[in-house]
Amino acid sequence: MQPQYYVAASILGALIAVPASGQGACAPNSGAVHYWRANGDTLDSIGSGHLTAGSAIYAPGVQGQAFDIQGTNSLSAPDSPDWDLSWPNFTIEAWVQLTSTTAPAGIISHNNGGGPNSKWILIRNYFPNPPSGSITFHINDPRFATDITFPFPASTGTWHHICLTREGSTWIFHLDGQASQPQIYSGPIPDSSSPLCIGQSGEQSSYFPGAIDEIALYSRSLSLSEVQAHYAARAACAPAQPVSYSLLSPTGSIPAPISELALSPLPSGGALLFGGQTQAGPNLQTFMLAGTTWTPQFPPFTPTPRTGHTLLLDPTRQHNLLFGGKNPLGTPLADTWTWANNQWNIVSTSTTPPARSGHRMAFDQSANLGLLFGGEDANGTARNDFWSWNGTTWTQVTTNTLPPSRAHHAMAYDALRNRTIVYGGRNGTSRLSDIWEWDGFTWINPTPQGVPISSPGARDGHSMAFDPRAERVVLHGGETASGCQQDIWSWNGSEWTIHLAQSGSVPSARTGSQLIHESGANRLLLFAGGCGTNYTNDLWTLSLPTFARTSSYGSPCVGSNGPLALQAVGTSVPVIGQTFQMQMSGIPIFSPCVGYIGFSNTQFSGVPLPLPLDFVRMFGCFAYQSADLNFPLPSPNNITNTTPWNLAIPLDPVFLSLHIYLQGLALEFGGTRLATVTNGIDARIGDR
């Protein structure tokens, strides 16, 4: 076993019976203090502000069910200091569906009554504002009245995401993920002594004509990226996972602020940079990054300056491959270069992809081929031709199906599923939001799954890389119809997940940056890029969760009571600090059972696996793993012929991304076989 496995085995063996702690229910990000989901009840799933609604009415919501106000009823929660919004920063968030846009529509309020009584009200079309297309946060007490008003061009019959944030004196209203121009108000909010009212202004009128869902109150101001994440996920409690960023402090000769560069990992660790555009003009130099130190290189020959080109690491041939781009005059290029032994070498081939820029490349590890897709020609016409590189030669790949033409997309190889992923880009007239996967034979256009279904949306200029710790393809930034982005998403082969920083600084919104996985330090690196003509040269590391997963392999041995099977219970996965729940079935009556944990499924004490067990009178059965740990399992239920196997995973980061292999055994009585064994389970331990 490797040293990490020895440590893991000793800890796991010592704590095998220690119960593990569970995780809390899904909740919005830090700062959420109240959250009403409206999923068939009036409960506050975070705080104690449960609504008292005699007979609440429900309708289909944006997420499950919603409060159906119908213009005639409302809901309320007893008075609380939280309703006074006395925090210096706060957010009110909800989804609304209007059946009318002409009548005043009270959404949420804290109101002591009409006239000069203390109150605040979030209301659509509050008199005397314009008769349509506005929303107002109305404040008054006996001394003053203030209206903070924003455009609200909502339509009927459609769910709209609304979010009002206050950051000191700055107020911003977000509609469907888009931020309004800020309004400034630094005055106080009156201290009312009334209940919080949802679905009405609180003055015997202005009931909301329609439905309200996913209402949340925060004691801080959500960032634009968080608002957009909640809008994309169609829930306040978005299916988001954390991401942590660390801004590195590079040394050496640091490249100038730069965009539209090419960056790729080096075979021995570190990264190689070439080309790009700085504010002073084209970048003429090659740079190498080792750790956090940048070093310019001075090879005798070098490619001409360019942007819109691509670099990839060819680990089989131990070189980096550069192709195409466009020169400072805007002319597309079709030259091929390799970088090895600190030298650039131009490659002459009889066949080459036509000149282009804005194309993307990835290395297919299963086929040992570099792959190139898309780009645009001198006229800005997008392409969809597909090429492979075998280390010396380009070959155009012909298939029955190809993704539509595009440029400035993103492309990365998913090493877990052996798929090359293409996402987004632009086709010359519009941005794209489709995802394509190449399995070595066919291009497939998968439909993202998940509840709710969400995706990064149409964009170009984004960057993408595979993270072996998260075992997902990771996407960052790019540009959408609303401008440069700073969001980060991951793709697991079936659904997109957005990742939100829990604290600390984050990279600015940008396009034309580079995201790579640097194997030497096993880290994701984000470098440079910009928005408009504002370029940066900051260097960040990104850390995503380590996702747990399981898979069954091998076949259960057929015993005296049928196949002896081992499987996970429900959706249980091996997460540190939790109990991984499994069950053995098909156990012979009164048979004692044993569980085995191994740290290899390829060999045990030098013996290759799987190993036929005929030599120990377990005829027709196989050992699918090393037998590093074993222990008795609970007595089986002789009615269901099952027994639970609850494996406590200690709360220790040493286990993260560790694979353990599990197999069960049941003794046999009265037959020729000594015992029967199950199939194997490959369990990758994670923190999610």
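Hey, can you tell me all the residues within the stretch 585-597 that are part of a loop (DSSP other than H, G, I, E, B) and within 23 Å of residue 657 (Cβ to Cβ)? Hits for the stretch 585-597: nothing passes. All told, residue 420 meets the bar of being within 22 Å of residue 351 (Cβ to Cβ) and modelled with pLDDT of 95 or more.
The residue that is farthest from residue 515 (Cα to Cα), among those in the stretch 229-252 that are at pLDDT 85 or above, of a type in the set (Ser, Thr, Tyr) and surrounded by 15 or more Cβ atoms within 10 Å (Cβ to Cβ), is 244.
Among the strands (runs of 3 or more DSSP E) confined to the stretch 599-688, the ones with at least 2 residues that are within 39 Å of the chain's Cα centre (by Cα) are located at 629-632, 642-648, 659-667, 680-684. When residue 109 is tested against the conditions (1) part of a strand (DSSP E or B); (2) closer than 29 Å to residue 59 by Cα; (3) within 34 Å of the chain's Cα centre (by Cα), the lone failure is (3).
Results for (1) of a type outside the set (Ser, Thr, Tyr); (2) over 30 Å from residue 249 (Cα atoms); (3) out of contact with any Pro (no Cβ under 9 Å at 6 or more places or on another chain), shown as yes or no for each residue.
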{"site": "286", "(1), (2), (3)": "no, no, no"}
{"site": "292", "(1), (2), (3)": "no, no, no"}
{"site": "297", "(1), (2), (3)": "yes, no, yes"}
{"site": "315", "(1), (2), (3)": "yes, no, no"}
{"site": "319", "(1), (2), (3)": "yes, no, no"}
{"site": "342", "(1), (2), (3)": "yes, no, no"}
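Inspection of the stretch 302-311 finds no residue satisfying the criterion of being under 15 Å from residue 275 (Cα atoms), among the basic types (Lys, Arg) and either part of a strand (DSSP E or B) or not assigned by TED's automatic domain parsing to the domain that holds residue 272 (or both). Being under 35 Å from the mean Cα position of the chain (by Cα), modelled with pLDDT of 95 or more, crowded, with 23+ Cβ neighbours inside 10 Å and not aliphatic (A, V, I, L, M) is a property that does not hold for residue 317.
Taking the listed residues 192, 180, the one that is in contact with a strand residue (DSSP E or B) (Cβ under 8 Å, 6 or more places away or on another chain) and in contact (Cβ under 8 Å) with a residue 60 or more places away in the chain is 192, with no other qualifying. Say whether the condition of being touching a residue at least 24 places away in the same chain (Cβ under 8 Å), under 30 Å from residue 503 (Cβ atoms), in a loop (DSSP other than H, G, I, E, B) and aromatic (Phe, Trp, Tyr) is met by at least one residue in the stretch 540-547. Among the residues of the stretch 540-547, at least one is touching a residue at least 24 places away in the same chain (Cβ under 8 Å), under 30 Å from residue 503 (Cβ atoms), in a loop (DSSP other than H, G, I, E, B) and aromatic (Phe, Trp, Tyr), which makes the answer yes. Selection over the stretch 562-574 of residues that are under 18 Å from residue 674 (Cβ atoms) and crowded, with 17+ Cβ neighbours inside 10 Å gives a count of 1.
Within this structure, residue 602 passes the test of being among the polar types (S, T, N, Q) and free of Cβ contacts under 8 Å to residues at least 24 places away in the same chain. Could you tell me whether any residue of the stretch 363-378 is free of Cβ contacts under 8 Å to residues at least 24 places away in the same chain and within 30 Å of residue 285 (Cβ to Cβ)? Scanning the stretch 363-378 turns up at least one residue that is free of Cβ contacts under 8 Å to residues at least 24 places away in the same chain and within 30 Å of residue 285 (Cβ to Cβ). Only one entry of 259, 268 meets the criterion of being crowded, with 22+ Cβ neighbours inside 10 Å and of a type in the set (Ser, Thr, Tyr), and that entry is 259. Residue count for the stretch 584-603 satisfying the condition of being surrounded by 18 or more Cβ atoms within 10 Å (Cβ to Cβ) and closer than 11 Å to residue 643 by Cβ: 7. Would a scan of the stretch 61-83 turn up a residue that is closer than 20 Å to residue 219 by Cβ, at pLDDT 80 or above and among the polar types (S, T, N, Q)? Yes: the stretch 61-83 contains one or more residues that are closer than 20 Å to residue 219 by Cβ, at pLDDT 80 or above and among the polar types (S, T, N, Q).
From the list 562, 595, the one residue that fits, being in the same structural domain as residue 674 (by TED's automatic domain parsing), on the phi > 0 side of the Ramachandran plot and out of contact with any Cys (no Cβ under 8 Å at 6 or more places or on another chain), is 562. Checking 187, 199, 210, 168 one by one, the residue that is on the phi > 0 side of the Ramachandran plot, in contact (Cβ under 8 Å) with a residue 12 or more places away in the chain and out of contact with any Gly (no Cβ under 9 Å at 6 or more places or on another chain) is 168 and no other. The single residue among 559, 577 that is surrounded by fewer than 17 Cβ atoms within 10 Å (Cβ to Cβ) and either out of contact with any helix residue (DSSP H, G or I) (no Cβ under 6 Å at 6 or more places or on another chain) or of a type in the set (Gly, Ala, Ser) (or both) turns out to be 577. Only a single criterion out of (1) at pLDDT 95 or above; (2) assigned to a loop (DSSP other than H, G, I, E, B) is not satisfied by residue 582, namely (2).
Test of understanding: among 88, 81, which residue is within 22 Å of residue 35 (Cβ to Cβ), without any contact (Cβ under 8 Å) to a residue 24 or more places away in the chain and surrounded by fewer than 17 Cβ atoms within 10 Å (Cβ to Cβ)? Within the list 88, 81, the selection yields 81.
Residues in the stretch 336-355 that are without any contact (Cβ under 8 Å) to a residue 40 or more places away in the chain and either among the basic types (Lys, Arg) or in contact with a Leu (Cβ under 8 Å, 6 or more places away or on another chain) (or both): 337, 338, 355.
A quick yes/no check of all residues on (1) at pLDDT 95 or above; (2) under 28 Å from the mean Cα position of the chain (by Cα); (3) more than 25 Å from residue 265 (Cα to Cα):
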residue	(1), (2), (3)
357	yes, no, no
372	yes, yes, no
382	yes, no, yes
400	no, no, yes
404	yes, yes, yes
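Looking at the structure I just gave you, is residue 105 farther than 24 Å from residue 195 by Cα, buried (at least 17 other Cβ atoms within 10 Å of the Cβ) and in contact (Cβ under 8 Å) with a residue 12 or more places away in the chain? When the stated conditions are applied, residue 105 does not pass them. Applying the set (1) surrounded by fewer than 19 Cβ atoms within 10 Å (Cβ to Cβ); (2) at pLDDT 95 or above; (3) in the same structural domain as residue 670 (by TED's automatic domain parsing) to residue 554 leaves exactly one unmet item: (1).
The values are calculated or read from the model by the stated rules, or taken from the named source; none is laboratory data. Just so you know, these numbers come straight off a predicted model, no measurement behind them. Because the Cβ atoms are built from the backbone with ideal geometry, glycine has one as well, and the counts that use them run over all protein chains shown.
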